[in-house]
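Engineer: Below is the structure I would like to discuss, written out as structure tokens.
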């Protein structure tokens, strides 16, 4: 694989079980890997297995459902899934790049996410569900920041 999630990655949007669309700050393109495989590879690229990342996050935030994960500690790179962490076609969102989100006016079960670069993305999940995922990622980010701060 030749792609690792990074600070410019906004989202990994599944196309099917074997392809996803990478949405970055300044470009969007498709790759022949599932969003799950991209996340798994990115964790391993930064030195820790996906499974370990999941287990660590579950211990930190005490949640086992749709668990957000830290991809890389020093940049505090946190991503969260919209559905099960075990599905190949899960949409993953960068917590770090979100500036705002709100219910979609035209669809009941959709949320509009606004990223730091001004890009808006419609996510096929209710505002309530998205907000829960965002709060989990926020808790994980806070735990990570606290642990980094304590080491200083």
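The values are calculated or read from the model by the stated rules, or taken from the named source; none is laboratory data. Nothing here was measured: the structure is a model prediction, and the numbers come from that model. Please note: Cβ atoms are built from the backbone with ideal geometry, for glycine as well, and neighbour counts cover all protein chains shown.
Engineer: Restricted to region 22-39, and to residues that are touching a helix residue (DSSP H, G or I) at 6+ places or on another chain (Cβ under 9 Å) and free of Cβ contacts under 8 Å to residues at least 40 places away in the same chain, which residue is nearest to residue 49 (Cα to Cα)?
Structural biologist: For region 22-39, the residue satisfying everything is 33.
Engineer: Between a first residue in region 48-67 that is at negative phi and free of Cβ contacts under 8 Å to residues at least 40 places away in the same chain and a second residue that is part of a loop (DSSP other than H, G, I, E, B) and surrounded by 17 or more Cβ atoms within 10 Å (Cβ to Cβ), which pairs have beta carbons less than 8 Å apart while being 6 or more apart in sequence or on different chains?
Structural biologist: 54/67; 54/85; 58/67
Engineer: Which residues, taken from region 75-109, are more than 19 Å from residue 139 (Cα to Cα), at pLDDT 95 or above and not in a strand (DSSP E or B)?
Structural biologist: Correct list: 91 only.
Engineer: If residue 144 satisfies every condition in (1) under 16 Å from the mean Cα position of the chain (by Cα); (2) under 17 Å from residue 11 (Cα atoms); (3) surrounded by 14 or more Cβ atoms within 10 Å (Cβ to Cβ) but one, which is the exception?
Structural biologist: Status for residue 144: all satisfied but (2).
Engineer: How many residues, within region 110-132, are in contact (Cβ under 8 Å) with a residue 12 or more places away in the chain and either in contact with a helix residue (DSSP H, G or I) (Cβ under 8 Å, 6 or more places away or on another chain) or in a loop (DSSP other than H, G, I, E, B) (or both)?
Structural biologist: Selection size over region 110-132: 11.
Engineer: If the Cβ limit is 6 Å and pairs must be 6+ apart or interchain, which residue in region 133-145 that is within 13 Å of residue 93 (Cβ to Cβ) pairs with which residue that is part of a helix (DSSP H, G or I) and modelled with pLDDT of 95 or more?
Structural biologist: 137/95
To keep it simple, each residue is scored yes or no on (1) within 22 Å of residue 18 (Cβ to Cβ); (2) surrounded by 17 or more Cβ atoms within 10 Å (Cβ to Cβ).
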| residue | (1), (2) |
| --- | --- |
| 56 | no, yes |
| 64 | no, no |
| 69 | yes, yes |
| 75 | no, no |
| 99 | no, no |
| 105 | no, no |
| 111 | no, yes |
| 122 | no, no |
